[in-house]
1. Here are 69, 34: which of them is touching a helix residue (DSSP H, G or I) at 6+ places or on another chain (Cβ under 7 Å) and part of a strand (DSSP E or B)?
2. Among the candidates 14, 40, 63, single out the residue that is assigned to a loop (DSSP other than H, G, I, E, B), under 13 Å from the mean Cα position of the chain (by Cα) and of a type outside the set (S, T, N, Q).
3. Evaluate the following for residue 89: is it within 19 Å of residue 1 (Cα to Cα), part of a loop (DSSP other than H, G, I, E, B) and in contact (Cβ under 8 Å) with a residue 12 or more places away in the chain?
4. Restricting to segment 41-97, what's the tally of residues that are in contact with a strand residue (DSSP E or B) (Cβ under 7 Å, 6 or more places away or on another chain), of a type in the set (Ser, Thr, Tyr) and surrounded by fewer than 19 Cβ atoms within 10 Å (Cβ to Cβ)?
5. Checking the structure you have, find out if any residue of segment 45-59 is acidic (Asp, Glu) and touching a Pro at 6+ places or on another chain (Cβ under 8 Å).
6. Between a residue in segment 51-72 that is within 15 Å of residue 7 (Cα to Cα) and any residue that is at pLDDT 95 or above and among the acidic types (Asp, Glu), which pairs come within a Cβ distance under 6 Å, given they are 6 or more apart or on different chains?
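The values are calculated or read from the model by the stated rules, or taken from the named source; none is laboratory data. These numbers were taken from a predicted model, which means no experiment stands behind them. Here the Cβ positions follow ideal geometry from the backbone for every residue, glycine too, while neighbour counts run over all protein chains shown.
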Amino acid sequence: MRYLHLTIRGRVQGVGYRAWCAREAERLGLTGWVRNRASGAVEAVFAGPDEVVTALAQACRAGPPGARVDDILAHEASEAALAASGGAGPFVVLPTL
């Protein structure tokens, strides 16, 4: 099980990035969460098999149509990173922080 925390910067709010991210994570069977940040970034935590988490992290570099990703900060996380969503349940979209 791999836990990966991403902060995605660019034109990633107002273009359906969170919804796209949640759909992709659910399609791939990952758990975790995604939310907008007041700074204009999108933050996400993905949990699941290493190769699946890696694939979604790569897809996040493009995102949905209309998005422009300028930078992604990624770091390995632990199961504790799921706490914001209430634990290891389905992938969720959280309120803006």
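1. Numbers: 69 fails: touching a helix residue (DSSP H, G or I) at 6+ places or on another chain (Cβ under 7 Å).
The match here is 34.
2. Details: 14 fails: under 13 Å from the mean Cα position of the chain (by Cα); 40 fails: under 13 Å from the mean Cα position of the chain (by Cα).
Residue meeting the stated conditions: 63.
3. yes
4. Qualifying residue count for the region: 2.
5. Step one: of segment 45-59, the residues acidic (Asp, Glu) are 50-51.
Then keep just the ones that are touching a Pro at 6+ places or on another chain (Cβ under 8 Å); that gives none.
No, there is no match, as no residue in segment 45-59 is acidic (Asp, Glu) and touching a Pro at 6+ places or on another chain (Cβ under 8 Å).
6. From segment 51-72, the pairs are 56/24.
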